[in-house]
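Following this message is one structure expressed as structure tokens.
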Amino acid sequence: MTETNIIMATGRRKTSVAQIRLIPGAGKFTVNTKPADEFFGGHLTHKHTAFLPLTRTEQGKAFDVTAKVHGGGITGQAGAISHGIARALAKIDGDVKKTMRKEGLLTRDARMVERKKPGRPKARKRFQYSKR
């Protein structure tokens, strides 16, 4: 297999970063050298989220997906994989890119954890107020 057939992209969500490789193949999904079913375990929602771009474009069986993901938790990692796959598919075809743009799959979700503020126990929580 030549290097030109491999499509690479990076996806991000919260503090998670996923490096995605799409290789024309039979539809094998690997995340951090584990099969996707093993990596996501019983979290079917996260697995569905991760591979949403492939199901929406109906190219699930056209590519082998290899993902290296680190940082954050399982939800952020699933979102990062989804974003990376969408970016990789967008490199292939302009029509697919339009479809995914409408679905909102190419947009980087900028929401992050709000920082803790001084004088408060958490970002927005306040210490108990006592009048007397």
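Once both labels are modelled 7 Å past Cα along the beta-carbon direction, what's the Lys125-Thr10 spacing in nm?
That separation, rounded to one decimal, is 3.4 nm.
Something else: Roughly what would the spin-label model give for Ile92 and Met112, points 7 Å off Cα along C-beta, in nm?
In this crude label model, Ile92 to Met112 measures out at 3.2 nm.
Using just the helices of the chain, give the 222 nm mean residue ellipticity in deg cm²/dmol: DSSP H runs with n ≥ 4 each add -39,500 (n - 2.57), and the total is spread over all residues, rounded to 500.
-10000 deg cm²/dmol
Taking a point 7 angstrom from the Cα of Lys34 along the C-beta vector, which residues in segment 68-87 have backbone N less than 14 Å away?
Of the residues in segment 68-87, 68-71, 73-75, 77-78 have backbone N under 14 Å from the label point off Lys34.
With just the Cα atoms defining each centre, how far is segment 33-47 from segment 61-132? Give it in Å.
Cα centroid of segment 33-47 versus Cα centroid of segment 61-132: 18 Å apart.
Only loop residues by DSSP count here, and only those with at most 15 other Cβ atoms within 10 Å; note down the trypsin sites (Lys or Arg not before Pro) in segment 45-89 that meet that.
Here the trypsin sites (Lys or Arg not before Pro) that fit, given the DSSP loop and packing criteria, are Lys61.
Also: Could you go through segment 25-41 in sequence order and give the Karplus-derived ³J(HN,Hα) for each residue, using 6.51 cos²θ - 1.76 cosθ + 1.60 with θ = phi - 60°, rounded to whole Hz, and x for Gly and Pro?
Residue by residue, segment 25-41 yields x, 9, x, 8, 10, 10, 10, 6, 6, 10, x, 4, 4, 6, 5, 7, x Hz.
Pairing the Cα long axis of helix 94-103 with the longest principal axis of the chain, what angle in degrees results, from 0 to 90 and rounded to the nearest 10?
30
Report for the chain the percent antiparallel among DSSP-assigned beta bridges with both residues inside it, nearest 5.
85
Give me the count of lysine pairs in segment 3-103 whose alpha carbons sit under 17 angstrom apart, restricted to pairs 8 or more positions apart or on different chains.
9
Still on this structure, please answer the following. What residues qualify as long-range amide H neighbours of Asp64, i.e. H under 5 Å apart, gap of 5 or more or another chain, H built at 1.01 Å from N?
Ile23, Gly25, Ala26, Gly27, Lys28
From the backbone phi of segment 125-130, what are the Karplus-calculated ³J(HN,Hα) couplings (6.51 cos²θ - 1.76 cosθ + 1.60, θ = phi - 60°) in whole Hz, Gly and Pro given as x?
Ordered by residue, 3J(HN,Hα) equals 5, 10, 5, 4, 8, 10 Hz.
Under the rule of at least 5 residues apart or a separate chain, name every residue whose amide H is placed under 5 Å from the amide H of Gln59.
The list, which skips near neighbours in sequence, is empty: none.
Which GluC sites (Glu not before Pro) from segment 1-80 combine a DSSP loop assignment with at most 11 other Cβ atoms within 10 Å?
Glu58
Give me a comma-separated list of calculated 3J(HN,Hα) values for segment 72-82, in order, Karplus coefficients 6.51, -1.76, 1.60 applied at θ = phi - 60°, integers in Hz, x for any Gly or Pro.
Each residue's phi maps through the Karplus curve to give x, x, 5, 5, x, 5, 4, x, 5, 5, 4 Hz.
Read the figures in this text as sums done on the coordinates, not as results from a lab. A quick note: this is a predicted structure, and the numbers were derived from the prediction, not measured. We place every Cβ from the backbone using ideal geometry, glycine too, and count neighbours over all the protein chains shown.
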